[in-house]
Amino acid sequence: MRLKKLRQYRRQSLRAAVSGLAIAALSLLSFKLHFNAATVVLFYMVVIVWQSLAGGFLPAAIVSLAAALCLDFFFLPPLLSLRIADPLNILAFVVFLIIALVITRLVARVSAEADQARRRGANLDQLYRVARQLLLVEPNRVDSLQVLKIFRGCLAASAVCLFDAGTGELHIEGTSQCGLLERTKQAYILSEDADDEAAGIVVRCLHVGNTTTGAIGFEGLHDAEWTAGPLSALAATAIQQAQAFRKASYEIAAAQAETFRTAILDALGHEFKTPLATILAVTGGLQESERLGPEEQEMAEMIELEASRLSSLTNRLLRIARLDRDEVKTRLRSTDIGALVENLARRYTGQSREHPIAVSHQPGSAEAPADPELLDLALTQLLDNAFKYSVPGSAVNVAVDANERVITIHVQNEGSSIATNERERIFERFYRGTNVRKLISGAGLGLYVARKIAVAHGGSLELDAHPSSGTVAFCMKLPASPNGSHHVSNNVQRAGRR
């Protein structure tokens, strides 16, 4: 900057010297040719304008003073004397100064605007190069480090720092002398931009809509007032694009994995059904042959019981896989819900004696339009969860309450609990609680399918909002009549909004 100003002063001084010589030469020539004062003044004004166009008021003022002195000495009486006979002669000098002042100010303004335009052009070129480099990177390779490398490679900054709120990662490219890392993270925490002209640090928060997604900081960035904002927008866009690409890739992979999973489940299920049917037929034949002793008879009954149980599990696995993939289509008919629950409880009592089941329901009819097979599958899943997640020996309670509009089925077990932040997520597809996912096997589909079946009946399946300590209770509501379906659905929607 100092070298530039020194060169400018030299250029103006040289031009002023040339202008002084031109004034002297014009004065001598005009005096010998006997030009009048008015003509000479025009000559002087041309020289003053030429000098003023170079910029700098002081050299132009010196040239104006020289022109006024020459005018007074050669052309105004008394001639060849600097004595001013008429005070109005000073007016020529004032006019020369005004012309010099106006032209030098206009030149300075135009020069400043031209310099500003050049700077903006250079800034736009930098932004274009940054945007071009970001677009050339493959979306699956865009990350915080890649963005920082591109920014520092295209900008004349000593250090660039980026904080990604999505991952909580803080990265820096280059060497900071003034704590750029801490200032960038602090700007995100406070959600405020930060500028420190003395340290040459500029920090901008990254925004996507109304959400702050991170912060980016620059140290030693030129023309930061023009470029920091657009650069932060480019960084936010690049990170958002990378996140969207990764999310889309994950969803595509998950969909493909689900297709493969369903195909495998179907294949395994069908492969299991044939040998299980054969085992059941053979054990039945052995029992009817009356050739078995008491011990062999007991083992044959055990084989038949376990094979029947495995066949039931296989059928349920296939049905859950199909319901997860397809829409639930119910075949409604009048069903005694109380009797269905009692039959289900007896079946579980025969299969396992670790957990006693207590069934209670109000006297009177508890009939509702339902698909018995689907409803059995949904309640089976609730009982499976109750058996699986409660401590051995604890009871499982099933209660059926009925009124004119709604039939409610409560399934409660002891010895387990669900975190508050997971109470709604347990109904999501493939979601399993953090406390049990490593302790107990499962796919995370049971509750999702059970709620799907309840909703297909016009009802709902929810977790009890106020369970007692150490208990988990699920509440299934079904309309008691076909006209009650709309009523229950509305109640569920209003409860969800509350």
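Please treat every number below as a calculation from the coordinates, not as lab data. Small disclaimer: the values here were computed from a predicted structure and weren't measured. As a convention, Cβ positions derive from the backbone with ideal geometry for all residues, glycine included, and neighbour counts pool all protein chains shown.
An ellipsoid equivalent to region 23-71, defined through the eigenvalues of its Cα gyration tensor, has semi-axes of 21, 10, 8 Å when rounded to whole angstrom and sorted largest first. With R₀ set to 25 Å, the beta-carbon distance separating residue 113 from residue 195 gives a calculated FRET efficiency near 0.50.
Across region 2-120, the volume of the C-alpha convex hull divided among the residues equals 97 Å³ per residue. Taking Cβ atoms as reference points and 14 Å as the exclusive limit, the residues near residue 336 contribute a net charge of -3, counting Lys and Arg as +1 and Asp and Glu as -1.
With θ taken as phi - 60° and the Karplus curve 6.51 cos²θ - 1.76 cosθ + 1.60 applied, the whole-hertz 3J(HN,Hα) list for region 450-457 is 4, 5, 4, 5, 4, 5, 5, 7 Hz, x standing for glycine and proline.
Comparing Cα centroids, region 14-32 and region 353-406 end up 114 angstrom apart. Could you work out the local net charge near residue 199, counting Lys and Arg as +1, Asp and Glu as -1, over the other residues with Cβ closer than 13 Å to its Cβ? Every neighbour counted, the sum reads -4. With a simple spin-label model that places each label point 7 Å from the Cα along the Cα-to-Cβ direction, the separation between residue 455 and residue 332 comes to 1.8 nm.
Of all DSSP beta bridges confined to region 139-247, the antiparallel ones make up roughly 100%. For region 1-85, the set of trypsin sites (Lys or Arg not before Pro) satisfying both a DSSP loop assignment and a count of at most 15 other C-beta atoms within 10 Å is given as 83.
Over 30 Å between Cα atoms, which of 329/477; 247/477; 247/329; 247/388; 5/149; 149/185 qualify? Those over the limit are 247/477; 247/329; 247/388; 5/149.
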